[in-house]
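Structure record follows, encoded as structure tokens.
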Amino acid sequence: MNNNKHRFSPMWLALCVVIGIVIGTFYANHFSGNRLSIINSSSNKLNNLLHIIDDQYVDTVNVNDLVEKAVPQILSELDPHSVYISAKDVQTATDDLKGSFSGVGIEFTIRQDTLHVQQVIGNGPAERAGVIAGDKIVVVDDKPFTGKTLTNEEAMHRLKGPKDTKVKLGIMRWGEKKIRDIVVTRGEIPTKSVTATYMLDKETGYIRIKNFGENTYPEVLIALAKLSQQGFSNLAIDLRGNTGGYLQSAVQIANEFLPKDRLIVYTQGRKSPRQDYRSDGRGSYQQIPIVVLIDEASASASEILAGAIQDNDRGTIIGRRSFGKGLVQQPIEFNDRSMIRLTIARYYTPSGRCIQKPYISGDNKNYEEDLLSRYEHGEFFSQDSIKHEGKEYHTALGRPVYGGGGITPDIFVAEDTTDVTSYYKQASMSGQIIQFGYVYTDENRQKLNEFKTMKELSAWLVKQNTVEKFVAFAEKNGLKRRNLMIQRSHKLLERYINSRIVYNMLDEEAWMEYLNEDDPAIMETLKIFHSGNAFPSAPAKNEDLKKVAYRS
């Protein structure tokens, strides 16, 4: 009897352990935060699914490829801005914001299966080695570099590389029959955020910020110092087309213009406690009149800066309603160097408004088509067509502002489509104007090299009848001539065509200076400065309005 009792005790002990685990699991699930176990069981389900597919699926499956496709799909169920970036795309995704990358230092385009050098970065590796604009790179490291397989991605892969490594380029140069070999030692190539700094008139400085990267703030300080040397007393900051970047850069720039202890922006999320960003009073330009230019492509950090200026009544916002991205992403890297950008908070302007436009989790189609919907609704052409989906907030002076969908400008500037025809749309959207600009630049480079300033070059181009030359070029490439439409859109065509040639021959600053000469938003900006109305005023009270009505 005793022997039997001892023989069965291990079995009873094992049974008790199992029962204990079951009971413990039950209580843990129900009384100790079962959300974690739900997450664990769900992740186990995903892992099990992948193992089952790998082990039992009818065909061979690359599980890694399956994961690469599944992760973006999972993130797309959260919000439109939580994204996955594969390891091979991380560098490309971060280069623009980091302020530099390692490469040869050229701007290129691919035409007729051949890489054409459009611009060479001043004092960069390629220029020091002897590469010039107009060269065609046909061989890289003794391997052919032409043909249908040549893409922008392949070109960047072959030309970029670690600093101080060498790449051998085989170059065809205009007027030469033999391939010229040039060895370039790769180096750090700066990527500028501030792409234009110049004087609009004798009093008004202009700064264009393309994005908000690691070096944007020091670049802005350099631009302000340059304008100070030219005696500026008004400042226009152009954020049109600026899709954003680092929040901290926008905060640093706003700090330059705000008095001490002014709220610039605050962030807050479910697991992210509220964090306020305030001015420290050390800014060197707290009194200068400011205009900030925005449009429907101004997003994220652009909206932080514009919102801080508007809500603190520090300057005037001119343009069209901005994009409406008020979600903050945290970069999280995986072991294979891929990464996700996960939304962890929302940001709010000083008045308390979140400018994130509405979205439905898992439904990105309508979100992506929002700008098209605005266009079709007429918002780009009439201020009355702007839909304010958020509640009304108020600036420091009591002016009404609205959340729930971007920054609405203080002064609206409509998109001018008066002379837009279907011919102009087709010419511009097909890329033929850009292609013609490249061809014209290459064919006339020797003459074009004589002009060192935008004004000299644009004055010469006006006499060259570039519109007619483009029309002939486009007709050969399948765009039928429409004489009445061409006549109506002649000024628009000339502006677009000549701007591309200016860009190809000079730089982005010259390009912006050319486009700004007859830009309606710039005209409105100068009008505001000349009238002394850049600083907003408090809205009239009801009593004041009654007095005005009585006097009239």
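Scanning segment 266-284 for residues that are closer than 24 Å to residue 316 by Cβ and surrounded by 15 or more Cβ atoms within 10 Å (Cβ to Cβ) returns 266, 277, 278, 279, 283. Of the residues making up segment 335-348, those that are among the charged types (D, E, K, R) and surrounded by fewer than 16 Cβ atoms within 10 Å (Cβ to Cβ) are 336, 337.
Can you tell me which residue is farthest from residue 138 (Cα to Cα) among those in segment 155-179 that are in a strand (DSSP E or B) and touching a residue at least 24 places away in the same chain (Cβ under 8 Å)?
Taking the candidates together, the pick is 167.
Among the helices (runs of 4 or more DSSP H) confined to segment 434-552, the ones with at least 1 residues that are of a type in the set (Ser, Thr, Tyr) and closer than 30 Å to residue 399 by Cα are located at 520-531, 542-551.
If the condition is being outside any helix (DSSP H, G or I), under 24 Å from residue 247 (Cβ atoms) and not hydroxyl-bearing (Ser, Thr, Tyr), then segment 354-385 contributes 354, 355, 356, 357, 358. For first residues located in segment 115-142 and farther than 17 Å from residue 156 by Cα, partners that are polar (S, T, N, Q) and lie 6+ apart or on another chain with Cβ distances below 6 Å form the pairs 133/119.
Out of 197, 191, 216, which single residue is of a type in the set (Ser, Thr, Tyr), more than 21 Å from residue 94 (Cβ to Cβ), open to solvent by less than 50 Å² (accessible area, probe 1.4 Å) and in contact with a helix residue (DSSP H, G or I) (Cβ under 6 Å, 6 or more places away or on another chain)? Can you show your working first?
On the way: 191 fails: more than 21 Å from residue 94 (Cβ to Cβ); 216 fails: more than 21 Å from residue 94 (Cβ to Cβ).
Just one listed residue meets the conditions, 197.
Within segment 139-149, can one find any residue that is open to solvent by 50 Å² or more (accessible area, probe 1.4 Å) and closer than 23 Å to residue 441 by Cβ? Yes: one or more hits.
So that you can scan it fast, the table gives a plain yes or no per residue for (1) under 19 Å from residue 226 (Cα atoms); (2) within 31 Å of the chain's Cα centre (by Cα); (3) crowded, with 18+ Cβ neighbours inside 10 Å:
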residue	(1), (2), (3)
157	no, yes, no
174	no, no, no
185	no, yes, no
208	yes, yes, yes
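So if I check each of 475, 443, which one is at pLDDT 95 or above and either within 30 Å of the chain's Cα centre (by Cα) or closer than 29 Å to residue 175 by Cα (or both)? Please lay out each step first, then the result.
Numbers: 443 fails: at pLDDT 95 or above.
The conditions single out 475.
Each residue in segment 116-132 was checked for being over 24 Å from the mean Cα position of the chain (by Cα), of a type outside the set (Val, Ile, Thr) and under 15 Å from residue 441 (Cβ atoms), and 1 pass. All of (1) at pLDDT 90 or above; (2) more than 30 Å from residue 368 (Cα to Cα); (3) assigned to a helix (DSSP H, G or I) hold for residue 4 with one exception: (1). How many residues does segment 440-459 hold that are under 16 Å from residue 494 (Cα atoms) and in contact (Cβ under 8 Å) with a residue 24 or more places away in the chain? Adding up the residues that qualify gives 5. Of the residues making up segment 376-398, those that are at pLDDT 85 or above, open to solvent by less than 40 Å² (accessible area, probe 1.4 Å) and closer than 30 Å to residue 541 by Cβ are 395, 398. The condition (being under 30 Å from residue 91 (Cβ atoms) and either open to solvent by less than 80 Å² (accessible area, probe 1.4 Å) or among the β-branched types (Val, Ile, Thr) (or both)) is satisfied by just one residue among 407, 411, 332: 332.
When you look at residue 206, is it more than 28 Å from residue 520 (Cβ to Cβ), of a type in the set (Phe, Trp, Tyr) and not in a loop (DSSP other than H, G, I, E, B), yes or no?
no
If the condition is being under 15 Å from residue 511 (Cβ atoms) and either open to solvent by 10 Å² or more (accessible area, probe 1.4 Å) or modelled with pLDDT under 95 (or both), then segment 453-471 contributes 453, 455, 456, 458. Residue 401 satisfies every condition listed in (1) within 12 Å of residue 351 (Cβ to Cβ); (2) open to solvent by less than 30 Å² (accessible area, probe 1.4 Å); (3) touching a Gly at 6+ places or on another chain (Cβ under 8 Å) except (3). For first residues located in segment 478-507 and on the phi > 0 side of the Ramachandran plot, partners that are crowded, with 16+ Cβ neighbours inside 10 Å and charged (D, E, K, R) and lie 6+ apart or on another chain with Cβ distances below 9 Å do not occur. None of 298, 351, 302 is open to solvent by less than 10 Å² (accessible area, probe 1.4 Å), touching a strand residue (DSSP E or B) at 6+ places or on another chain (Cβ under 8 Å), assigned to a loop (DSSP other than H, G, I, E, B) and of a type outside the set (A, V, I, L, M) except 298.
The values are calculated or read from the model by the stated rules, or taken from the named source; none is laboratory data. In this text the structure is predicted, and so the values were computed from the model without any measurement. Using ideal geometry, Cβ is built from the backbone for each residue, glycine included, and neighbour counts are taken over all protein chains shown. Accessible surface is based on the protein model in full, side chains and every heavy atom, while ligands, DNA and RNA are left aside. Shrake-Rupley method; radii C 1.70, N 1.55, O 1.52, S 1.80 Å.
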